[in-house]
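In what follows, a structure is listed as structure tokens, so that the remarks can point back to it.
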Amino acid sequence: MGSELTMLFEGGKRKALTFSYDDGTIYDKKLVSLLKKYDMKATFNLNSGLLGQKEHRMINGIDTDFSQLEPGEVKTVYADQEVSSHTVNHSSIVGLSQNMGAAEVLKNKQRLEELTGRPVRGFAYPYGSYNELAEEILSACGIEYARTADSSNDFDIPQDFLEWHPTCHHDAPELLKLAEKFCNDDSLQPQLFCIWGRSYEFAQKDNWQVLEEFMKYVSDYREKIWFATSIEIVDYVKAFRELRCSSDGRILQNPTEMTLWFEMDREIHCIHGNEKFESL
Ligand SMILES: [Zn+2]
């Protein structure tokens, strides 16, 4: 009989949690300080063309300070987080021609790479709009995952990372219910919680406590949860999908550089980069 192989995340953990925050703005600083306090990780999807702007905008009928970090602050503020791409000026790439869309994506990616000194490999769809052409453009520009704004209310791992549906927005009334389910559900399959939003929304509603309550709650379960950026999760899952397996499922070979964790016959194992695993 073949062996049942279940992917686990880094450290043999069955759950992963990530935050994905859009649009930049000065409130990201407070968000980063909360992430540090709870030792969690996030991805920040930035518009390079807006950096340095100091302005108020009417957003959902609320006068909002939409001021952005200075370009020179990006490297230090987000040093322990992931910087990922929105578009240069927050325009949607859906509706643009292939050329224009690609220029928009590449320009933003390059500017953010100059500012951070790191490759920028992820994307969040402005206005949540995506279609097949947008995905083709992103893929041709070297973007490896793209987050939508369609809440899934589940913890499934995306099959196609260019259509990564987050679990929920931080304002979702069911946020804490989802957190309880996530932390207490002992299903065998790996589970991924992706929470998204924009940090200025906390300032608009003066409800930072929503986020902090959530962070406090999941913090108590940290031995079961891998806190990671979006790209760390993507890299891990993609590496796991490359695992080679014999037809009886007993011999595994890891062709990647990463240590991969899994459960087989109710035991947790790991297989280091470029190594082989044989079960009895
Ligand atoms: Zn946005």
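The values are calculated or read from the model by the stated rules, or taken from the named source; none is laboratory data. Everything numeric in this text was worked out from a predicted model, so none of it was measured. All Cβ positions, glycine included, derive from the backbone under ideal geometry; neighbour counts span all protein chains shown. Protein only, heavy atoms only, side chains kept; ligands, DNA and RNA dropped before computing areas. Shrake-Rupley method; radii C 1.70, N 1.55, O 1.52, S 1.80 Å.
Given the options I157, I268, I195, which has the most mean-square fluctuation in a GNM of the chain, springs set between C-alpha atoms less than 10 angstrom apart?
Checking each option, the largest mean-square fluctuation is seen for I268.
Pop out the ³J(HN,Hα) list for region 238-251 in order, Karplus 6.51 cos²θ - 1.76 cosθ + 1.60 with θ = phi - 60°, rounded to Hz; leave Gly and Pro as x.
5, 4, 4, 5, 8, 3, 9, 9, 6, 5, 8, x, 8, 10
Please report how far the C-alpha centroid of region 15-55 lies from that of region 73-131, rounded to the nearest whole angstrom.
Cα centres, region 15-55 to region 73-131: 14 Å.
Which cross-chain or sequence-distant (5 or more) residues have an amide H under 5 Å from the amide H of Y145, H modelled 1.01 Å from N in plane?
F123
Relative contact order for the chain: what percent, with Cα pairs under 8 Å and sequence separation of 6 or more?
That works out to 27 percent.
What's the longest piece of the chain with no exposed trypsin sites (Lys or Arg not before Pro), counting a site as exposed if DSSP puts it in a loop and it has at most 10 other beta carbons within 10 Å?
Free of exposed loop sites, the longest segment is 55-265.
I'd like the Karplus ³J(HN,Hα) series for region 46-57: coefficients 6.51, -1.76, 1.60, θ = phi - 60°, whole numbers in Hz, and an x wherever there's a Gly or Pro.
Karplus-based 3J(HN,Hα) across region 46-57 equals 10, 10, 5, x, 9, 4, x, 6, 10, 7, 9, 10 Hz.
With label points built 7 Å along Cα→Cβ from the Cα atoms of Q53 and K276, find their separation and express it in nm.
In this crude label model, Q53 to K276 measures out at 5.8 nm.
Regarding the chain, what's the average projected area of the Cα-atom convex hull, expressed in nm²?
Mean projected area of the Cα convex hull: 15.3 nm².
I'd like to know which of N89, F66, N153 lies farthest towards the positive end of the charge dipole of region 65-153, counting +1 on Cβ of Lys and Arg and -1 on Cβ of Asp and Glu.
With unit charges placed on the Cβ atoms, the residue in question is N89.
Which is farthest toward the positive dipole end of region 15-239 among N45, A134, G101, measuring Cα position about the Cα centre, with Cβ charges +1 (Lys, Arg) and -1 (Asp, Glu)?
N45
On a 1.4 Å probe surface of the protein chains, which of M58, M215, M258 comes out largest in accessible area, and what is the full order?
Greatest to least solvent exposure: M58, M258, M215.
Need one value: the accessible area of Y27 in square angstrom, 1.4 angstrom probe, rounded to the nearest 10.
Number for this one is 50 Å².
Roughly how many Å² of S279 are accessible to a 1.4 Å probe, to the nearest 10?
30
Between L8 and residues 5 or more places away or on another chain, which pairs have amide H atoms under 5 Å apart, with H built 1.01 Å from N, and which residues are they?
Residues meeting the criterion, in which the H sits 1.01 Å from N, are W261, F262, E263.
Just to verify a number: what accessible area does D28 come out at with the full protein assembly present, 1.4 Å probe, Å² rounded to tens?
Its accessible surface works out to 0 Å², give or take rounding.
Which percent, to the nearest 5, of DSSP beta bridges fully inside the chain are antiparallel?
DSSP beta bridges in the chain are roughly 45 percent antiparallel.
Quick one: putting +1 on the C-beta of Lys and Arg, -1 on the C-beta of Asp and Glu, what dipole do you get for region 15-239 around its Cα centre, in Debye to the nearest 20?
540
So if R0 is 25 Å, what FRET efficiency would Y38 and D171 give, r being the distance between their Cβ atoms, rounded to the nearest 0.05?
Computed FRET efficiency for Y38 and D171 comes out at 0.85.
How much of the accessible area of the chain, probe 1.4 Å, is carbon plus sulfur, in whole percent?
48
Which one of T25, M215, M258 has its Cα pushed farthest toward the positive end of the charge dipole of the chain, where Lys and Arg give +1 and Asp and Glu give -1 at the Cβ?
T25
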